[in-house]
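Asks: Got a structure for you, questions after.
The values are calculated or read from the model by the stated rules, or taken from the named source; none is laboratory data. Fair warning: this is a prediction, and the values are worked out from it, not measured in the lab. Backbone-built Cβ (ideal geometry, glycine too); neighbour counts: all protein chains shown. Remember, those area values only see protein heavy atoms, side chains included, never the ligands or the DNA or RNA. Shrake-Rupley method; radii C 1.70, N 1.55, O 1.52, S 1.80 Å.
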Amino acid sequence: MVQKETDTSSPRPRGRPRAYDPGQAIERAAEVFWKAGYAATSLDDLVAATGMNRPSLYAAFGDKRALYLKTLDHYRDRNRALAAAAVADDPPLRVLMRRIYAGALDLYLSDPEGRRGCYTLGTATTVAAMDDDVRAFLAASFSATDRFFAERIRLAQARGEIAGDADADVLAACATATLHTLAVRSRAGAPRAALDRIAEGTVTVVCGQPTPGAGA
């Protein structure tokens with residue numbers, strides 16, 4: 001009996017290659033949650049947005065809730081990267097706060113209708129009322145932002161940029177609260193100029209009036 005020759009070439013991978021990009025799929029899913037909210041977003045909406053069928057969506061991300069939690073992680077990581085970029089050159093506190101608020105407003109007003117707001121604040125605050133994991137995520141997000149501002153405020157105090165006897169934790173909470181009010185007001189349709197004034201007002205409260213000719 002003549003035996004068949006053994007094929008020594010590399011075996012072909014089983015199954016079809018993955019035809020989607022996970023990061024892009026999460027971005028597209030987030031766009032739906034961002035616009036409609038978690039409760040009003042259906043699995044069919046997510047299938048249409050990502051271009052994946054239901055089995056593929058479940059296999060890649062789990063159910064709707066699991067996918068939503070991944071979108072929260074995605075935007076948290078992106079915000080951390082933006083914050084890291086903002087402090088990369090170790091700017092004065094006044095400059096840093098202006099960067100943070102300007103960058104936030106660029107994002108909050110980035111959709112064609114100018115009503116986007118903050119992804120986490122806009123979607124998670126309602127879900128948090130009935131989901132312990134989302135509530136914990138939201139609390140951790142607020143605390144992390146408070147710590148970020150508090151660390152930079154204490155550094156500014158050590159440098160003599162602002163008064164050393166100010167309560168850094170309270171000022172940090174105010175700085176974080178301004179991010180939140182900018183997000184809410186932007187979604188309510190407030191114009192950019194008005195939002196910029198609010199942001200600059202908080203910068204002045206935290207840092208004091210700028211010294212003429214200081215360039216900060």
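Asks: Quick test for you: out of THR50, THR126, pick the one residue that is at pLDDT below 95, open to solvent by less than 20 Å² (accessible area, probe 1.4 Å), out of contact with any Pro (no Cβ under 7 Å at 6 or more places or on another chain) and of a type in the set (S, T, N, Q).
Replies: THR50
Asks: I'm trying to understand the selection: among the residues of the range 138-165, which are surrounded by 16 or more Cβ atoms within 10 Å (Cβ to Cβ), closer than 26 Å to ASP89 by Cβ and aliphatic (A, V, I, L, M)?
Replies: Within the range 138-165, ALA150, ILE153, LEU155, ALA156, ILE162 qualify.
Asks: Report those helices (runs of 4 or more DSSP H) wholly inside the range 124-216 carrying at least 2 residues which are of a type in the set (Val, Ile, Thr) and over 29 Å from LYS70 (Cβ atoms).
Replies: Ranges flagged: 192-207.
Asks: Do you know which of the residues in the range 101-123 that are open to solvent by less than 20 Å² (accessible area, probe 1.4 Å) and of a type outside the set (Phe, Trp, Tyr) is nearest to the chain's Cα centre (by Cα)?
Replies: Once the filter is applied, the top-ranked residue is THR120.
Asks: Note down all Cβ pairs under 8 Å where the first residue falls in the range 141-167 and is within 16 Å of ALA177 (Cβ to Cβ), the second is open to solvent by 50 Å² or more (accessible area, probe 1.4 Å), and they're at least six residues apart or on different chains.
Replies: Listed by first residue and then by second, the contacts come to SER141/ARG76; ASP146/ASP169; ALA150/ASP169.
Asks: I've got another one for you. From ARG135, ARG98, ARG76, grab the single residue that is free of Cβ contacts under 8 Å to residues at least 60 places away in the same chain and open to solvent by 70 Å² or more (accessible area, probe 1.4 Å).
Replies: Working: ARG98 fails: free of Cβ contacts under 8 Å to residues at least 60 places away in the same chain; ARG76 fails: free of Cβ contacts under 8 Å to residues at least 60 places away in the same chain.
The match here is ARG135.
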